[in-house]
Amino acid sequence: MKKLLDYILNRQIDSYYLLIIKFDISKQISHKLYFIDLLDWIDFIAYDAGPGQIMLKEQDLYDELDSENSPKKRTIFEKVDILFNLFEQKLISMFNNRKERLNTQKTLVQEFQESEFIVDQSKMEFVA
């Protein structure tokens, strides 16, 4: 996502094309070919801030493409707003989740340090 936004903001690209070949191998092998600008179909992307990866809401996208509906007409400025809002929202969510995870671990460490350290191996069986 960051790279995509950087390329657009630095005016290096104004589109992000995908060539998708989808095969159906049920009874008889067939295929469908899709060539789209992902920025036109921006409503069908998801973003994971952890790895920074954009993903397709694949089935929803294929359903929409197969219905032959046209995507919403948006300016590049509107597309950037949508991308940035998704980027920001998911980063904030990730920060909150990581903060919560940190607090949970802090509590566990504190509880560990406040108790006697005894390792109970009474239920272990050693096989020779």
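The values are calculated or read from the model by the stated rules, or taken from the named source; none is laboratory data. Worth saying up front: this structure is predicted, and the values here are computed from it rather than measured. Note that we place each Cβ from the backbone using ideal geometry, even for glycine, and neighbour counts take in every protein chain shown.
The table that follows gives values for the structure above.
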{"quantity": "Count - residues of the range 33-48 that are surrounded by 10 or more Cβ atoms within 10 Å (Cβ to Cβ) and without any contact (Cβ under 8 Å) to a residue 24 or more places away in the chain", "calculated": "4"}
{"quantity": "Output for the range 55-75, where each listed residue is closer than 18 Å to M1 by Cβ and exposed (fewer than 13 other Cβ atoms within 10 Å of the Cβ)", "calculated": "M55, E58"}
{"quantity": "Residue that is nearest to L38 (Cα to Cα), among those in the range 49-91 that are free of Cβ contacts under 8 Å to residues at least 12 places away in the same chain and of a type in the set (A, V, I, L, M, F, W, C)", "calculated": "M55"}
{"quantity": "Selection from the range 53-87 of residues that are under 19 Å from F23 (Cα atoms) and either of a type in the set (K, R) or within 17 Å of the chain's Cα centre (by Cα) (or both)", "calculated": "L56, K57, E58, Q59, D60, L61"}
{"quantity": "Sole exception among (1) more than 22 Å from A46 (Cβ to Cβ); (2) touching a residue at least 24 places away in the same chain (Cβ under 8 Å) for V127, by number", "calculated": "(2)"}
{"quantity": "Strands (runs of 3 or more DSSP E) (entirely within the range 1-93) containing at least 1 residues that are hydroxyl-bearing (S, T, Y) and at pLDDT below 95", "calculated": "30-37"}
